[in-house]
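Single-structure report; data block below.
The values are calculated or read from the model by the stated rules, or taken from the named source; none is laboratory data. Just so it is clear, the model here is predicted, and its values are computed rather than measured. Virtual Cβ from ideal backbone geometry, glycine too; neighbours counted across all protein chains shown.
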Amino acid sequence: MKVLLLDIENRPNRLLNLTEDLTNYTSVIICYAQSDFKIPIDWIEPIAHAFSSGILKIIKMPNAGKNAADFGIAFWAGILVSQLPDDTHFDIISNDADLDFVVDLLISQGRSAKRIATIKQLPPQQELLEDKIRIIKPLQKYCIYLTHHEPRPAKSKSLLNNIDRFFKESVNPNEVLTKLIKKGVVSINHGVVTYNHKRLLEQAHKI
């Protein structure tokens, strides 16, 4: 299953993709406090069907305070975690980096989640940061990958193969696996891999 949580006050143009999103996602939840966005008349039928089938929910926040829509997204993410299967993937569409906390909480509960933001031209200092990220060590690079991909390899052999494919044979997968174990990101018992979500996030966000 795939869930889309959309902050239309932060990403109003994303509504132009609404009919496509209703096809690609099992559930689409739109949160807003104030909006004057108009929809094309051709969308009435597919949107009406999405409402009646429960695929689409449009949530107007009771108050139009600062970050009201963000709180709505966090609230509904919490509700859906308790209702939907463990393999459900969450996409949060917003340019607000504060929603990364919601993504991290979802990941800490074993869920697959990511925030999708508009790609903007970076200022020079941000470009330097991006360059630094590009040359980060393999351990952190792979941990970042793990935080955004589910399901994760469940066996030590499949984990080694996944590491090898991820780096396209440019690094020794055994070295990466050894570091994952040493840092407490994973533990292996009789070939079965267990992930420590807290340690995984620590290594992924270490810059």
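Return yes when LEU180 is out of contact with any Asp or Glu (no Cβ under 9 Å at 6 or more places or on another chain), part of a helix (DSSP H, G or I) and surrounded by 15 or more Cβ atoms within 10 Å (Cβ to Cβ) and no when it is not.
Here the answer is yes, as LEU180 does meet what is asked.
Could you please find all residues in the range 62-114 being closer than 17 Å to ILE30 by Cβ, among the charged types (D, E, K, R) and part of a strand (DSSP E or B)?
ASP91
Quick grid of which residues meet (1) modelled with pLDDT of 80 or more; (2) in contact with a helix residue (DSSP H, G or I) (Cβ under 7 Å, 6 or more places away or on another chain); (3) surrounded by fewer than 12 Cβ atoms within 10 Å (Cβ to Cβ):
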| site | (1), (2), (3) |
| --- | --- |
| LEU105 | yes, no, no |
| SER108 | yes, yes, no |
| ALA113 | yes, yes, no |
| ILE119 | no, no, yes |
| GLN125 | no, no, yes |
| ARG134 | no, no, yes |
| PRO138 | yes, yes, no |
| CYS143 | yes, yes, no |
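Return a yes/no flag: does the range 87-95 have any residue that is farther than 21 Å from THR147 by Cα, within 17 Å of the chain's Cα centre (by Cα), among the charged types (D, E, K, R) and crowded, with 16+ Cβ neighbours inside 10 Å.
no
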